[in-house]
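Trainee: Dropping a structure here in structure tokens format, bear with me for questions.
The values are calculated or read from the model by the stated rules, or taken from the named source; none is laboratory data. These figures come from a predicted structure and were not determined experimentally. Using ideal geometry, Cβ is built from the backbone for each residue, glycine included, and neighbour counts are taken over all protein chains shown. These area figures cover heavy atoms from the full protein model, side chains too; ligands, DNA and RNA do not enter into them. Shrake-Rupley method; radii C 1.70, N 1.55, O 1.52, S 1.80 Å.
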Amino acid sequence: MNFESLLLSVEKPSRYIGGEVNAVHKNHGSCRLSFAFAFPDTYEVGMSHLGLQILYAILNGMPGVVAERCFAPWPDMESRMRQAGIALASLESHTPLDRFDLIGFSLQYELSYTNVLNMLDLARIPLRREARREEDPLIIAGGPCAFNPLPMSLFIDAFAIGEGEEIITEIVSVVLNGKTRGYSRKRILEELACVDGLYVPAIHKKDASIRKRIVTDLNRWQLPVCPVVPLMKTIHDRITLEIARGCSRGCRFCQAGMVWRPVRERDPGVLIDMAARNLCSTGYDEISLLSLSSGDYTFIEPLLSFLMDRYYGERVALALPSLRVETLTKKLMDDIRRVRKTSFTLAPEAGTQRLRNVINKGNTEEELLKTVRGVFEAGWKAVKLYFMIGLPGETAEDLEGITSLAHKVLREGRHRAQVTVSLSTFVPKPHTPLQWSRQITMAETMEKHDYFRQAIRNRNISVKWHDSRMSLLEGMLSRGDEQTGLLVEEAFRRGARFDGWSDLFQFQHWEGAMEMQQIRIEDHLAEKKRSAPLPWDFIDTGLSRDFLVSEAEKAMTGELTPDCRYEACHNCGVCDHRHIKIEAAADRDDVLTRQRREETPPPEEKKGEKRYRVLFTKKDRARLLSHLEVSAALTRAMKQGGFRFIFSQGFHPHPRISFALATSVGMESLAEYADIRVEATTGDTRPLIEAANRALPSGMTLMDMTELPPAGPSLSEKISAFHYRVSLPRNKSMLPDESIEEKLRDFLASSSFMTAKTIKDRTVIKDIRSFVKDLQFDRVNHVISLRIGWLNNGTLNPLDFLREVIGIGEADLIETRITKTETFFREP
């Protein structure tokens, strides 16, 4: 079975085909160094990660360096790869990972650790760094989990600590120099150990101190501006515009807020330019303004208004994914809802003011209720509230506070709203004031879940919680040491994969591994002595131990620490107040003040519209795209080409584009059609078509456009038939040609041919004979020519014809190549 046939047998083949818009394709032979970005989760998760896009752009911008991507294959794909003996390879060139010079893993979540090992194993690279040969790639890793590198130090050659924009080029330069000079693997690792912010387990001693890397000026880094546009719908299917990095609010449980200090904001002029370039290069219809606390950005209201005014006509929505309760103003809500209502998630974190003070959350119940009142009055019908359970000092009163707060929020919506309460178990994280705290056991977590199951029984309040077993593992791995790596390895050997996915998580693998490694769970969850060394002490985030201890003591008394952006410096240790310091945004070019919109935006000018029928193809690996993926790619490309769609009305406007039939995944087509409504254009549309084609993924081509009358029959009303070319495989399992001919003759001679098909637990009886208008078999080329009609009761899928009439099995159907060669229309 070839690779493309293999893809037809797995779920979501678009995860594995590559060929996306803006993907970079370089000749490996002409490049001196190759780098594979390996994300240990699915394509749709990894392609939502901004850091990957930034580093991908940086490395591919370096002469002589080729950077490509690879993601963790879903279990069905892994199984077929192992059966077929296919090694894990990159998306861009399908080069096996073991042929790259460097492989870089992004460690975003502890429960992805077994996926790292699985990807190495599938790539035929020894898991343990000490077992690797001279010709094996160097394995590096970065991301938030690298702030405690010891659990993965058996497997990773070098850890990048902190922010990656600058250190990634230094890593590449060192390895490239070593490769040019013929250095041994050990010599290159020694050279890497000299790079600030790199921890190299084989070289650094126990007394080493590794200081995190910080990008001091975000305005210098304006990437990506041409991000890779995923083929499938991803977790965050939109432009991500990082408006600021770092947070100074000081929540005592939050690792991100501590390790990514200090706050550095991008100037609005830079962000406006980045937004324009990203929209032009992607065709997306949503921009997410990303920060750990978006509402704290200095120019958040005028920036949001500016972007909304500029892109309202194109129905580009804006989202603020991380908002504190007290920063969500009426003006922000009014601007967000102008295009469509993106969701609101608010994080009180705790149910009582006392416990919010313990974690230094800072906001109040009154602020929350005022905010949700504004949300509901602005037209939203649902809000999500995020809480933690198991926080230090939590009592039954705090749990009751969550229940009470959820009902109060519902009352603000006058009981017509929907409130979702999301509960996660507190996990103490390294480099936070609560890093020494005890984590509650699974039994305690489940007891608290039972409380909420009984206490909240309102149909308008739904309660969701994180799996207590996953929280247990996250806690063990996040505060683990080198011995924890043995646990990860054993769990992987037993079959652990995708441990952060509830439908794939198999805790028994971890239980067996813990028993073998003689690990006592209680020891990992227990409170740590502040006088005792911690496994991650040698990683220097800039935060002083005295500051963390002081904040831990304040937590015990509920004393608040104010935001250092607005109060005196708390001497946390991160800033040197010369190079490393808080950097507030400045409207240097008066972009916002000069072009600030009026309070009431001018009425939208009514533009003329035209209706077109577009012809496009779907060939090669694009045949593996689903109908929704094809539709999204075509829409984005036409927007990039200069077409301005007419949009539907309502809270969620959509471009006016319609298709007659969803062509099956795996089927090629030379004759796909769609009807679109766009703003009237003057002159030749060919330049627009050419521009759109440059923005289509590999295998899709816009061929022609025909203008239609403003009103008339829909596309589905005009189509009369389709012609298919069916290339049959010459497998031993196939029927002899004589038998195929006989079955086709019998079918043509029959007046009816009844079939039964089960669809969603019901059996559909259908006479398929009336659909087939013409049928021929070319024995020489092993090709069936098939013309299928489009009737009042629908049409016939060629795959069903092959199953029912010839009796072709599923294995042979996977290797059958079907091409829609022509679409026929009814005469006027």
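Trainee: Being among the small types (Gly, Ala, Ser) and outside any loop (DSSP other than H, G, I, E, B), is that true of even one residue in the range 246-256? It would help to see each step written out before you state the result.
Mentor: Here is the first cut: in the range 246-256, the residues among the small types (Gly, Ala, Ser) are 246, 248, 250, 256.
Cutting the leftovers down to outside any loop (DSSP other than H, G, I, E, B) gives us 256.
Yes, the range 246-256 contains at least one residue that is among the small types (Gly, Ala, Ser) and outside any loop (DSSP other than H, G, I, E, B).
One line per residue, one yes/no per condition, for (1) more than 21 Å from Glu110 (Cβ to Cβ); (2) open to solvent by 60 Å² or more (accessible area, probe 1.4 Å):
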residue	(1), (2)
Gln508	no, yes
Glu515	no, yes
Ile519	no, no
Glu527	no, yes
Trp536	no, no
Ser544	yes, no
Glu551	yes, no
Gly558	yes, no
Asn571	yes, yes
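Trainee: Go through the range 402-421 and count every residue that is open to solvent by less than 10 Å² (accessible area, probe 1.4 Å) and part of a helix (DSSP H, G or I).
Mentor: Within the range 402-421, residues that are open to solvent by less than 10 Å² (accessible area, probe 1.4 Å) and part of a helix (DSSP H, G or I) number 5.
Trainee: Go through (1) within 15 Å of Gly401 (Cα to Cα); (2) open to solvent by 40 Å² or more (accessible area, probe 1.4 Å); (3) in contact (Cβ under 8 Å) with a residue 40 or more places away in the chain and name the single condition Thr345 misses.
Mentor: (1)
Trainee: Let me ask you something else. Taking Ala87 as the residue in question, decide whether it is small (Gly, Ala, Ser) and open to solvent by 10 Å² or more (accessible area, probe 1.4 Å). Walk me through it before giving the result.
Mentor: Numbers: small (Gly, Ala, Ser): yes; open to solvent by 10 Å² or more (accessible area, probe 1.4 Å): yes.
Criteria met by Ala87.
Trainee: In the range 199-238, how many are aliphatic (A, V, I, L, M), over 22 Å from Lys581 (Cα atoms) and open to solvent by less than 30 Å² (accessible area, probe 1.4 Å)?
Mentor: Total meeting the criteria: 7.
Trainee: Would a scan of the range 145-166 turn up a residue that is in a helix (DSSP H, G or I) and without any contact (Cβ under 8 Å) to a residue 24 or more places away in the chain? Give the steps one after another, and end with the answer.
Mentor: As a first pass, look at the range 145-166 and keep what is in a helix (DSSP H, G or I): 145-147, 150-152, 164-166.
The next check asks that each one be without any contact (Cβ under 8 Å) to a residue 24 or more places away in the chain; those that pass are none.
No, the conditions are met nowhere in the range 145-166.
Trainee: Something else about it: Return yes when Gly269 is of a type outside the set (A, V, I, L, M), open to solvent by 10 Å² or more (accessible area, probe 1.4 Å), farther than 30 Å from Val419 by Cβ and in contact (Cβ under 8 Å) with a residue 24 or more places away in the chain and no when it is not. Spell out how you get there, then give the answer.
Mentor: On the way: of a type outside the set (A, V, I, L, M): yes; open to solvent by 10 Å² or more (accessible area, probe 1.4 Å): yes; farther than 30 Å from Val419 by Cβ: yes; in contact (Cβ under 8 Å) with a residue 24 or more places away in the chain: yes.
Criteria met by Gly269.
Trainee: Sticking with this one: Please determine whether any residue of the range 251-259 is over 23 Å from the mean Cα position of the chain (by Cα), touching a residue at least 40 places away in the same chain (Cβ under 8 Å) and open to solvent by 10 Å² or more (accessible area, probe 1.4 Å). Explain how you work it out, then say what you get.
Mentor: Step one: of the range 251-259, the residues over 23 Å from the mean Cα position of the chain (by Cα) are 251-253, 258.
Then keep just the ones that are touching a residue at least 40 places away in the same chain (Cβ under 8 Å); that gives 251-253, 258.
Remaining after also requiring open to solvent by 10 Å² or more (accessible area, probe 1.4 Å): 251, 253.
The answer is yes, given that some residue of the range 251-259 is over 23 Å from the mean Cα position of the chain (by Cα), touching a residue at least 40 places away in the same chain (Cβ under 8 Å) and open to solvent by 10 Å² or more (accessible area, probe 1.4 Å).
Trainee: Restricting the first residue to the range 97-117 and requiring it to be open to solvent by less than 10 Å² (accessible area, probe 1.4 Å), which pairs with a second residue that is of a type in the set (Gly, Ala, Ser) and in a loop (DSSP other than H, G, I, E, B) meet a Cβ separation below 6 Å and a spacing of at least six or different chains?
Mentor: These pairs meet every condition: Leu97/Ala123; Leu107/Gly143; Leu111/Gly500; Thr114/Ala496; Asn115/Ala72.
Trainee: Now for a different question. Which residue pairs have Cβ atoms under 7 Å apart, sit 6 or more places apart or on different chains, and have a first residue in the range 216-245 that is closer than 25 Å to Ser631 by Cα and a second that is of a type in the set (D, E, K, R) and in a loop (DSSP other than H, G, I, E, B)?
Mentor: So the pair list comes out as Val228/Glu20; Val229/Glu20; Pro230/Glu20; Leu231/Glu20; Met232/Lys12.
Trainee: Condition first: touching a strand residue (DSSP E or B) at 6+ places or on another chain (Cβ under 6 Å) and either on the phi > 0 side of the Ramachandran plot or open to solvent by less than 10 Å² (accessible area, probe 1.4 Å) (or both). Can you find one or more residues in the range 428-439 that meet it? Walk me through how you get there before you give the answer.
Mentor: At the first step, the residues of the range 428-439 found to be touching a strand residue (DSSP E or B) at 6+ places or on another chain (Cβ under 6 Å) are none.
There is no residue in the range 428-439 that is touching a strand residue (DSSP E or B) at 6+ places or on another chain (Cβ under 6 Å) and either on the phi > 0 side of the Ramachandran plot or open to solvent by less than 10 Å² (accessible area, probe 1.4 Å) (or both).
Trainee: Kindly indicate which of Met308, Met333 is open to solvent by less than 40 Å² (accessible area, probe 1.4 Å), in contact with an Asp or Glu (Cβ under 6 Å, 6 or more places away or on another chain) and assigned to a helix (DSSP H, G or I).
Mentor: On the way: Met333 fails: in contact with an Asp or Glu (Cβ under 6 Å, 6 or more places away or on another chain).
Being open to solvent by less than 40 Å² (accessible area, probe 1.4 Å), in contact with an Asp or Glu (Cβ under 6 Å, 6 or more places away or on another chain) and assigned to a helix (DSSP H, G or I) holds for just one of Met308, Met333, which is Met308.
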